[in-house]
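Asks: One structure coming up, written as structure tokens, with questions to follow.
Just so it is clear, none of the values below were taken in a lab; they were calculated from the coordinates. None of the values given here were measured: they were computed from a predicted structure. Neighbour counts run over all protein chains shown; Cβ positions are idealised from the backbone, glycine included.
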Amino acid sequence: MFNKFSLTGVIVCLLLILVGCSSTVPVATKIPSYKVDAPIDSSLYAFLQPALAEHPKKTGVLPLGSGVDAFIARLAVVKAASSSIDLQYYIYHDDETGRMLMWKLLDAADRGVRIRILLDDLTTKNLDEGLMLLASHPNIAIRLFNPSYDRTFRSLGMLTGFARLNHRMHNKSLTVDNLITVVGGRNIGNEYFSKNEEVDFGDFDLLTIGAAVDKVSDQFDLYWNASVVYEIESLVEPTTPQMQVNAEAKMAERKANFEGDEYLDRLEFSELLSEIRKADIEWFWGDAKVVYDPPEKATSDSRQQWLMSDLTHFLSQAKQQVLLVSPYFVPTPSGTEAFIAAVKSGIKVTIITNSLAATDVLAVHAGYQKYRKQLVENGVTIYEMKVDINHRPSAWKGSSRSSLHAKTFVLDSEAVFVGSFNFDPRSAWINTELGIIFDSPRFASSMLDAIDKALHNNSYRVAIEEGELIWFDQCQSKTYYAEPQASFWRKFMADFIGLFPIESQL
């Protein structure tokens, strides 16, 4: 019989074996590939060419605020593809919207379109078999960013390889034929496209054509061929013919079960779908700059080329006002000082983020609330988005029915940043990010008008009264003297988490 010392020795040996297995680096034998030239004989080219010809060397954008419209945009461009599709996402859920988009991708592959799928590996734990099955298609290639090398003991691998695996690819783009792309804050999943009954992220994308598209493709190529990216085949065991048969039967069953779903009716009545059918899309035109972190951010300590420097330069050009929309807002001491200095120089600074009741990440709110009072006391305007009172999150899990997820910065009434970047340390120093800086006074003004209207009904303005924070509900003309709509336990947990020195990871 083992005594406690010999048992401990066995456990240690097992852990060492598992750690050794998890550190085995797969052989990276991938063949580089790159963007293809935009086809000039496709229906998509014919659809877009009149608008592009009128605005040479410019970028056109269409804002996608509605979850339904954002999904229609993705389905429409994939359906129109004739030569290539490049898809890059942090999260891709195996749910109804994820499957619908994948079915469209398979249709495109069947008609000869080259498809490259690049996913961050953090949330692919249960997708290995499905991804391998997809990659068996001759026109589909799948690669994973900074993957866990051990696919069986991935949780243990995260513990033993935290320094490496903590760096994730947060970029989000979907580019078709090098003619049109969708860039913004949405991942792929029901909660991003107004399909989830429990969670609905208020998010924002840009459907983009013109000069910026080729730059997004350059960014994709850089990541696709990066040393921190691996082909799925180098990580996962091959599938069998029987697995392929089973998968096809399961797909047919899921398609049959989805027929008649009310969400299909909502897609059919999408305002954007109507505009596409009428060829009546009203693009906003201007100059654009595609900004992104290099994939080497996952392994390098150099910060010179990182996206944060681009955004810092962008925001430093403000003359009148800066408006930041960030669901996860942790300004840090240096950011707080910069905002206060901007206010003192005469610039109006407005921050829009989630309230404690609405946030889906308590730890981030814990980091943010340390700076909130100092910011408000020094003239920074803060709005916090309301929770849906019929779908309040618990202290322990999940988000509300409606939770802000968009990442947008508006500079004066001149330019707008839209992308994946949250104003927090994780986006700045740990994860890779992507976005577009778009110079267009018309678009910037329309954004400010839309945000101003939404704030009246859906937010609290944070203020100071007798030295304490208050929350003013403009719609109800009601003042709250504690975090509105947040339970005792939610407040307690935010305060408790705030005691830990984890800000650098938020």
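Asks: How much of the DSSP beta bridge set in the chain is antiparallel, as a percent to the nearest 5? Intermediate results must be reported in sequence, preceding the final value.
Replies: Numbers: 57 of 84 bridges.
In the chain, DSSP labels about 70 percent of beta bridges as antiparallel.
Asks: Something else now. Using a simple spin-label model with points 7 Å from Cα along the Cα→Cβ vector, what separation in nm is obtained for Ala341 and Glu248?
Replies: With each label point 7 Å from Cα toward Cβ, the separation is 6.4 nm.
Asks: If you don't mind, another one. Give the Rg (one decimal place) followed by the Dmax (whole number) of segment 414-488, computed from C-alpha coordinates and expressed in Å.
Replies: Looking at segment 414-488, its Cα Rg and Dmax stand at 16.9, 45 Å.
Asks: Quick one: if you take sqrt(5λ) for each eigenvalue of the C-alpha gyration tensor of segment 301-505, what semi-axes come out, biggest first, whole angstrom?
Replies: Numbers: eigenvalues 132, 83, 57 Å².
Over the Cα atoms of segment 301-505, the semi-axes work out to 26, 20, 17 Å.
Asks: While we're here: For segment 164-174, what does the Karplus curve 6.51 cos²θ - 1.76 cosθ + 1.60, with θ = phi - 60°, yield as ³J(HN,Hα) per residue in whole Hz, taken in order and with x for Gly and Pro?
Replies: Once θ is set to phi - 60°, the couplings for segment 164-174 become 7, 6, 5, 8, 10, 8, 9, 4, 9, 7, 9 Hz.
Asks: Lys and Arg at +1, Asp and Glu at -1: add these up for the other residues within a Cβ distance under 10 Å of Leu411 and post the number. If you can, show how the numbers build up before the last one.
Replies: Details: positive: Lys319; negative: Asp412, Glu414, Asp439.
With Lys, Arg at +1 and Asp, Glu at -1, the neighbours total -2.
Asks: Take the alpha carbon atoms of segment 36-277, find their radius of gyration, then divide it by 2.2 N^0.38 Å using N residues; give the quotient. Mind showing how you got there, number by number?
Replies: On the way: Rg = 18.0 Å, N = 242, 2.2 N^0.38 = 17.7 Å.
Against the empirical 2.2 N^0.38 Å value, I get 1.02 for segment 36-277.
Asks: May I pose another question? Order the peptides 216-223, 496-503 from the highest to the lowest mean number of other Cβ atoms within 10 Å of their residues. Could you put the intermediate results ahead of the total?
Replies: Values: 216-223: 20.9, 496-503: 12.9.
With the highest mean Cβ count within 10 Å placed first, the list reads 216-223, 496-503.
Asks: Taking just the alpha carbons, could you work out the radius of gyration and Dmax for segment 301-378, both in angstroms?
Replies: Reported Rg and Dmax, both Å: 13.4, 37.
Asks: Another question, then. Between beta-carbons, use under 10 Å as the cut-off and find the net charge around Ile85, counting Lys and Arg +1, Asp and Glu -1. Please report the intermediate quantities before stating the final value.
Replies: Details: positive: Lys104, Arg114, Arg116; negative: Asp86, Asp177.
Cβ neighbours under 10 Å give a net charge of +1.
Asks: Tell me, what is the Rg over Rh of segment 251-373, with Rh the Kirkwood radius over Cα pairs?
Replies: Working: Rg = 21.5 Å, Rh = 19.3 Å.
Here Rg/Rh amounts to 1.11.
Asks: Which FRET efficiency, nearest 0.05, do Glu466 and Thr152 yield, Cβ-Cβ r, R0 56 Å? Can you show the working numbers first?
Replies: On the way: r = 58 Å, r/R0 = 1.04.
E between Glu466 and Thr152, to the nearest 0.05, is 0.45.
Asks: Apply the membrane-span-like helix rule to the chain: whole DSSP H runs, Cα extent along the own long axis of at least 15 Å, mean Kyte-Doolittle hydropathy at least 0.5. List the helices found.
Replies: On the way: long enough: 4-22 (27 Å, 2.18); 43-54 (18 Å, 0.74); 67-80 (20 Å, 1.33); 96-110 (21 Å, -0.14); 211-224 (21 Å, -0.16); 241-258 (26 Å, -0.94); 332-344 (18 Å, 0.41); 362-377 (23 Å, -0.59); 441-458 (25 Å, -0.37).
Going by DSSP H runs, the hits are 4-22, 43-54, 67-80.
Asks: Shifting gears a bit: Please give the net charge around Leu235, taking every other residue with its beta carbon less than 14 angstrom from that of Leu235, where Lys and Arg add +1 and Asp and Glu add -1. Present the calculation step by step, with values, prior to reporting the outcome.
Replies: Values: positive: Lys30, Lys125, Arg143, Arg151, Arg154; negative: Asp120, Asp121, Asp128, Glu129, Asp150, Glu231, Glu233, Glu237.
Net charge around Leu235: -3.
Asks: Next question. For Ser300 and Glu197 in the same chain, what is the full-extension length gain: residue separation times 0.36 nm, less their Cα-Cα distance, in nm?
Replies: Numbers: separation 103, 0.36 × 103 = 37.08 nm, distance 4.09 nm.
Gain on stretching Ser300 to Glu197: 33.0 nm.
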